[in-house]
Each structure stands twice: as structure tokens, then as C-alpha cells.
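Below are the C-alpha cells for one structure; questions will follow.
The values are calculated or read from the model by the stated rules, or taken from the named source; none is laboratory data. Keep in mind it's a predicted model, so treat the numbers as computed, not measured. Neighbour counts are summed over all protein chains in view; Cβ atoms, including those assigned to glycine, are modelled from backbone coordinates with ideal geometry. Just the protein is used for accessible areas: all its heavy atoms, side chains included, with ligands, DNA and RNA removed. Shrake-Rupley method; radii C 1.70, N 1.55, O 1.52, S 1.80 Å.
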Amino acid sequence: MEEPIFEPKYPAQNYTRRPNSRALLSPLYDWTFKAMFTQETEESNLALKSFISAVLGRKITKVIIKSTQPPKETQKQRSITFDVCAEFDNGEISEIEMQAWQQEYDYPSRAEIQAARLLSNNVKKGKNWEGPKVYQISVLNFHCLKDDKCEMSWYTMKDNSGKILADKLNIILIDLVTIRKKYGTPVEKLTQIEKWGLFLSYIDDLDKLHYVEDLIRSEEGIMAAEKTVKKISKSDDNWFYQNSIFIAECDRNTIQANLKKKAVEEGRKEGLQLGLQQGIQQGIQQGIQQGIQQGSKQKATETAKKLLQMKVLTQKQIAQGTGLSPKEVQALAKEL
């Protein structure tokens, strides 16, 4: 039986401003998740160190926030944007993602590609192929693999006997669905990653306030994260921004789904003349490539213009929220 989708207490699509003085933004939305760990404050830095420590099972003493947009190695290479990217202690690097809803694409493949890009962009010059150990960490609000429902799964490259190759690439999947089953367990019996998972899931739920407060008191890093979330939740601008990003993503997904459906239909019609398989393939390729580029870009541009006119966000924030480049947002600003 398929498990119901777990949603935040205050769904982003419903709120453009803070609904009441106690309402908190949910870290299940990637914008809040990013903001919680990347503010230029001691609390935000402490929260990030605590979270990475909980995931890796060892104390992290220093973290440095890095660019979330790694450079492309070729013109044809796909652009990638990370939620949070940090370097810590001995030069190791982690890329941390929050994924609240399962998409149609193959998430394990995405995680592998992101880990590979993270490593390739940080290889040092020289003859020795020196590079840092990298970690692609995904916090998932769904079961990534049907046959793997562990609270946390750690993947690395090994041979068929289990011997690790170079230990450079590491992919870590954290399953919030499984962790939430630990709700109500005495806090002292929880692991650090279970505490974080429950905190991320329930911080915005006043019905679970007493239990969440016990979690917060038990871990200094979670306490710091709570302070950061409370601070950013006070601003109506942040609620509006989260709503705008959510709506823009929904619009893009709708455009893609409709274009794919249309492309398949057109491909089938053409397939009657050219061969069914050839027609579907051509219809999908042409319809999706042209339609998604035009439709998604147009919607992103419209959203960016509205945000620029409201004058509550920086151009950099608007670029991150809509998927446009900073130069494109800057050009739109000059038009207004």
C-alpha cells in the first residue's frame, strides 16, 4: 500500500505572508532548508556543522559555504544548482539537497551525476589526480528505492567482493518517511540523524510542539537551526518568496507534463505514416525540447518580472528562484 504524501503544516502554495505570529516556514521546502544552513550567523553555521556531523558520524569543527552553481566543463553540459554546498575540516566537500516530493526522473541517477560533478570540479591540478572526498547528501520526503527503506543509506564505489575503490564518491540518502515512524520515541533513545529528521519534519507543527522542544533541547545544533528558522519566518517577504518559487516550479512541471503528453499524441499520429516507434520518438524529442524551452522560459521570465516589480528580493534571489541566469534577471530589471 502506497504511503500518503507528508506535507508541511503551512503549504507554500497557500501562503504569501505569515498566517500568524507562531507560524514557521518548513525546512521541507528547499528554500527554507537552504536559508537555515547558509545565513551569515553563528547559529546557521553551527546548525550546518551539527547536521553534517550527524550524517557522517563524526564531529565537524569547521564549515565554509561554497558556490551552489558549479561551472560547466563543456557548452553542452547540463547546468546544475546545489541546495547547499560546503567544505569542511580537511578539505572534504558535501552537497546537501532537500527533496520534498518525488519527481518522474530517476533520483539515484541524479544523485550520482551531482556527486561526480562535485568531484570533477574540485580535482586539483597536477599529475597525481588529487581530489577531495565528496558527499552528495539527499534528505528525501519519500522512499527513493522501493526495496530500500532504511533511515539512511550510504553508497560508494566497491568491487564485487565489497572492497572500496578510492572512497572519493559518496552518496547518502536520508529517508524522512522511515524516520518519522520514530515519532514519540523518547529523545534519549534516538540517533542524531533521527533527531534531525524529526525536527525537519515537525518544526512547523504546533500539535507536536512539546516533543519538538525536547528534540531541540537535546542537541545544540538543532537549537541553532530552530533559532534561524524562527528568525526567517518573521518576514512576510520570505513567505512570499517561498510561495513564488513553489508556484514557479509547479508551472514548469505542468508545462513539461502537458508538452510531453502533446508530444506523445503527435508522435503517435505521425507514427501511423512513418512507423509508430519512430513517430513517438521524434514527437517526444522535438515537442519536449522546443516546448519546454519556450514555455518554461516564458513562465520564468513572467515570474521574474513580477518579483522585480515588488522590489522585495535581490536579483540573485530571483535568479535562484526562477532558474534564470543573473544576467537575464539584470536585463529584465533594465526593461522595467
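Using a 1.4 angstrom probe on heavy atoms only, work out the carbon and sulfur share of the accessible area of segment 1-132 in %.
The value for segment 1-132 is 47 percent carbon and sulfur by accessible area.
Still on this structure: Hey, with R₀ at 51 Å, roughly what FRET efficiency would residue 262 and residue 127 work out to, going by the Cβ-Cβ distance, to 0.05?
Efficiency computed from Cβ-Cβ geometry: 0.45.
Largest first, how would 235, 153 line up by accessible area (1.4 Å probe)?
Largest to smallest exposure gives the sequence 235, 153.
Tell me the per residue accessible area of segment 65-192 using a 1.4 Å probe; a whole number in Å² is fine.
In whole numbers, segment 65-192 has 59 Å² accessible per residue.
Whole-Hz Karplus ³J(HN,Hα) for segment 165-179, in order, using 6.51 cos²θ - 1.76 cosθ + 1.60 and θ = phi - 60°, x for Gly and Pro?
6, 10, 6, 8, 9, 9, 10, 10, 10, 10, 9, 5, 4, 5, 4
I would also like to ask the following. Assuming R0 = 25 Å, what is the FRET efficiency of residue 331 and residue 65, from their Cβ-Cβ distance, to the nearest 0.05?
Rounded to the nearest 0.05, the efficiency is 0.35.
Using only protein heavy atoms and a 1.4 Å probe, report how much of residue 84 is accessible, in Å² to the nearest 10.
Around 0 Å² of this residue is reachable by solvent.
Could you work out what % of the accessible surface of segment 138-207 is carbon and sulfur, using a 1.4 angstrom probe and leaving DNA, RNA and ligands out of the count?
Accessible surface attributable to carbon and sulfur in segment 138-207 totals 55 percent.
Which of the chymotrypsin sites (Phe, Trp or Tyr not before Pro) found in segment 1-73 are loop residues per DSSP with 16 or fewer other Cβ atoms within 10 Å of their Cβ?
6
Moving on. Within segment 151-220, report the trypsin sites (Lys or Arg not before Pro) that DSSP leaves as loop and that have at most 13 other Cβ atoms within 10 Å.
Sites meeting the loop and neighbour criteria: 163.
At 1.4 Å probe size, with no ligands or nucleic acids counted, give the accessible surface of residue 328 in Å², nearest ten.
60 Å²
For labels at residue 5 and residue 209 in the simple 7 Å Cα→Cβ model, what's the distance in nm?
Going by the 7 Å Cα→Cβ label model, 2.9 nm.
Using 0.36 nm times the number of residues separating residue 311 and residue 183, minus their current alpha carbon distance, what extension gain do you get?
Gain on extension, residue 311 to residue 183, equals 41.9 nm.
Can you flag which of 231/306; 34/230; 66/124; 234/334; 195/230; 66/127 are past 23 Å Cα-Cα?
In this structure, 231/306; 234/334; 66/127 exceed 23 Å between Cα atoms.
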